[in-house]
Amino acid sequence: MMKEILIASTNTGKINEYKNALKKYRLKSILDLGINLEIEENGSTFEENAFIKAKTLYDLYQQPVLADDSGLIVEALPNELGVKSKRFSKSETDNDNIKLLLRKLKEKANRKAYFTTVICFYINPQDVRLFEGKTYGTIISSKRGLNGFGYDPIFLVAGLDKTYAELNLDEKHQFSHRGKAIDQLIRNLENENPTF
């Protein structure tokens, strides 16, 4: 019987995206486990942070773990977000992060941006897999849509004329950075059929 896969996240939006996309697998998040675990993301890249989160939870439970690190890269503010996207404002809340970003972009003509996700699937110490997804778009000047989390209400997906926050879970999976990385993960699992 297939083991449970643990999701190294307390972000309900992110957890819902994983559970919606990976329905045929048994997934449990940190929230489902009922533990109070704050994992320090002190890596300098998305890959490092995803690995840190996955290994931390694997070491505790000895079960396969899915972890990701994601961030927004804004061309006009090249070194300000990225791996620090969640910690952009002092309060680190979605609302304050959005407000600060819009304030910093107020006088900028270039509003191009992209989201990146790197998923680390830590099956065991000898089998660690990484998957990356990117989605390009622009930062609009006011929020649109009620779904999603983070910067979703101001990220207009290239060629779609909708923000992430205007998409339902299935639509977001189709267009989002995390959805693209999850699709790579699913293809890898189907092709290699790992035992765990």
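Every number in this text was worked out from the coordinates using simple rules, so none of it is lab data. Note that the structure is a prediction, hence the values are computed from the model and not measured. Here the Cβ positions follow ideal geometry from the backbone for every residue, glycine too, while neighbour counts run over all protein chains shown.
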Worksheet item: Got a sec? Which of Y136, Y122 is crowded, with 22+ Cβ neighbours inside 10 Å, hydroxyl-bearing (S, T, Y) and touching a strand residue (DSSP E or B) at 6+ places or on another chain (Cβ under 6 Å)?
Response: Y122
Worksheet item: Cβ-Cβ below 8 Å, separation at least six or inter-chain, first residue in the range 44-58 and more than 10 Å from D69 (Cα to Cα), second assigned to a helix (DSSP H, G or I): which pairs?
Response: S44/V83; L57/I30
Worksheet item: Restricting the range 60-87 to residues that are in a strand (DSSP E or B) and of a type in the set (G, A, S), which is surrounded by the fewest Cβ atoms within 10 Å (Cβ to Cβ)?
Response: G71
Worksheet item: Give me the pairs: first residue in the range 93-119 and among the aromatic types (F, W, Y), second residue part of a strand (DSSP E or B) and surrounded by 19 or more Cβ atoms within 10 Å (Cβ to Cβ), beta-carbon distance under 7 Å, and six or more apart or on different chains, which are they?
Response: Y114/I73; Y114/T135; Y114/G137; F115/S70; F115/L72; F115/T135; F115/F155
Discussion item. Could you check the range 95-124 and list, in sequence order, the residues that are under 14 Å from the mean Cα position of the chain (by Cα) and either of a type in the set (A, V, I, L, M) or over 30 Å from Q63 (Cα atoms) (or both)?
Written reply: Y114, V118, I119
Fill in: Of all residues making up the range 29-83, the number that are within 23 Å of L185 (Cα to Cα) and acidic (D, E)
7
Discussion item. Just checking, does the range 3-25 include any residue being among the aliphatic types (A, V, I, L, M) and more than 25 Å from D152 (Cβ to Cβ)?
Written reply: no
Discussion item. If I ask for residues that are more than 14 Å from the chain's Cα centre (by Cα) and on the phi < 0 side of the Ramachandran plot, which ones from the range 156-173 would you list?
Written reply: L156, V157, A158, L160, K162, T163, A165, E166, L167, N168, D170, E171
Discussion item. Out of E47, E40, I need the residue that is within 18 Å of the chain's Cα centre (by Cα), surrounded by fewer than 18 Cβ atoms within 10 Å (Cβ to Cβ) and in a loop (DSSP other than H, G, I, E, B). Which one?
Written reply: E40
Worksheet entry | Some residue of the range 169-179 being among the hydroxyl-bearing types (S, T, Y) and crowded, with 16+ Cβ neighbours inside 10 Å | yes
